[in-house]
Amino acid sequence: MGKHTHELPKLKTLMTSEWMLMASERLPHQVRTHQLSMLILGNRAPSSTGRRDMEHDGGGRLAEVDEVDRVREVLWQHHRLIYGSFDYYASLYSEGQTAEGEPDIYNMSFNAFLRFMDQCQLVSKDVSKGEFQTVWVAVNAVDKATADEDEFNSKSALNRQEWLQVLVRCAILLHSKRDVSESVNELLTHNLLRLLPPAALQNSNAFRKRFCYLEAPTTVLESHRQSLFALYDAYAQVSHGMQDRLKDDSLMSIGEWLTFVRHVGLVESGQVTELAAKQIFLWSRIRTAKDLSGASEAKLRHITPTDFLEALVRLSLVVALPTDLELEEANAADAGEFLLAMQTHSPIEYQSFLSTHRPRHQDHDGSDYAAHALQPSERCLEHLIKLIVRTVQTNTSHSASKDILALDRTVVDSEAAKFLKRRQQNISLARFESNDALSKLNFSETLTSAAAKKMQTAAAIMIQLLLRARKARKEVRERRLRADVPSLTT
């Protein structure tokens, strides 16, 4: 297993994983940056008097409540929406780097903020585009009061706590006649929740409950444990920026994750875009930062081995993969053999396959997956892993193209290291298969035949169900008739 011993997530982890919902999604307690507290207190509605009010504290007692506390509470109520929108826009226009080879997906660029303004319809005849741009500039400016403790704050983009400030200030611009807490709530519910794209609204815990912490995917991951952790350990050490203070050779960064996705051919084969890969990384990690230390920031910018497994589950639900019936019809050993052969020998059919077999669910949490799925999610996971394993092994074994026995279907540390080295040397992927029959296969006819068999099977199942229902109705009628006939006694 290499230098690390990783444990697969247990089913019981589902309960303890709620740390993402509460503890690690904490909003910053600091509201003094750029004098935000004073701004909130200075923008109360004209009808409000004084700086503090009296409210019931939940136990029937009256308590003094600051408007700043109300704003913080509104932000907390919508924390998923706020952080989800931040992750989405931070992943856009992320060509900048935090270190060599590390795309900056942790800060929101000015162009991404402009996209946010447009998509959430902030600009109106009452509030100009320039006023919102001024907000971005003001918040992004260095705050001398907190500069020393916030050393990883980018000088050319917004970090998470600055994003909170921007939302509060934008709310004040849009709804100047209301209390700030009411203005913030209106901005979040009317503009963001209603107008943000689906990718900005995904719920990581909802996805995990549907697809990760279940027996079927856990069984699949367990069966490929050695291969997956060998690849994780190899790619966790790819970091280019040797002077990067946040570098951690035991964990996988965004640059290392993207390198892995590229190296196994998923980008160049058209299976996944780099933007989608970035979003999968963001959604799979544990979003936690208990303070502004380098250790907390490093944890925020890496995925653990368990996060890596989740990322693979997510990846398996966005790429185009064959079904078991299609593999059987093609006489292919696994999805890897099938797809590599199709790419090599039938590129036109492969492009069509990408279109017809790419998952069509729209909800990134997967709530509508079952309604559009070609196969169960755990089969997608199995097929993706088989594709990755076969890609690695066919590019590290000299005899793989000649002898199917040369592929033992398990990637060991030495193979992972060899594959990584070859790809870092820009050696192109060899896309060949050990099944010679696949080189002559008509993939279009095979897929059509599999689809016809699927329809026949579905029709047969439907007929069986109808016959069973008819038989059940007949038995019910007969029981009722027997019950209506009076018993004969001698």
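The values are calculated or read from the model by the stated rules, or taken from the named source; none is laboratory data. This is a predicted model, so every value here is computed, not measured. Positions of Cβ are backbone-derived with ideal geometry, glycine not excepted, and every protein chain shown enters the neighbour counts.
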Tell me, please, whether a residue that is assigned to a helix (DSSP H, G or I), more than 16 Å from H78 (Cα to Cα) and touching a residue at least 12 places away in the same chain (Cβ under 8 Å) can be found in the stretch 173-182.
yes
Which one of these is over 16 Å from P103 (Cα atoms), assigned to a loop (DSSP other than H, G, I, E, B) and more than 16 Å from the chain's Cα centre (by Cα): S296, S250?
S250
Looking at L114, is it assigned to a helix (DSSP H, G or I), under 28 Å from A277 (Cα atoms), outside the structural domain of H302 (by TED's automatic domain parsing) and touching a residue at least 40 places away in the same chain (Cβ under 8 Å)?
no
Could you tell me whether any residue of the stretch 321-337 is part of a helix (DSSP H, G or I), closer than 16 Å to L266 by Cβ and either among the aliphatic types (A, V, I, L, M) or in the same structural domain as T391 (by TED's automatic domain parsing) (or both)?
yes
Residue among Q226, Q161 that alone is in the same structural domain as I105 (by TED's automatic domain parsing) and out of contact with any Asp or Glu (no Cβ under 6 Å at 6 or more places or on another chain):
Q161
Which residues, taken from the stretch 435-490, are exposed (fewer than 12 other Cβ atoms within 10 Å of the Cβ), modelled with pLDDT of 80 or more and not in a helix (DSSP H, G or I)?
K440
Quick test for you: out of T391, T396, T356, pick the one residue that is assigned by TED's automatic domain parsing to the domain that holds R210, assigned to a loop (DSSP other than H, G, I, E, B) and of a type in the set (S, T, N, Q).
T396
So S284 passes all but one of these: (1) closer than 25 Å to C380 by Cβ; (2) surrounded by fewer than 20 Cβ atoms within 10 Å (Cβ to Cβ). Which condition number does it fail?
(2)
Residue count, the stretch 157-185, condition more than 16 Å from V123 (Cβ to Cβ), out of contact with any Phe, Trp or Tyr (no Cβ under 8 Å at 6 or more places or on another chain) and either surrounded by fewer than 21 Cβ atoms within 10 Å (Cβ to Cβ) or not hydrophobic (A, V, I, L, M, F, W, C) (or both), comes to 10
Which members of the stretch 196-247 meet the condition of being closer than 25 Å to G84 by Cβ and either touching a strand residue (DSSP E or B) at 6+ places or on another chain (Cβ under 9 Å) or assigned to a loop (DSSP other than H, G, I, E, B) (or both)?
L196, P197, L201, Q202, N203, C212, Y213, L214, L246
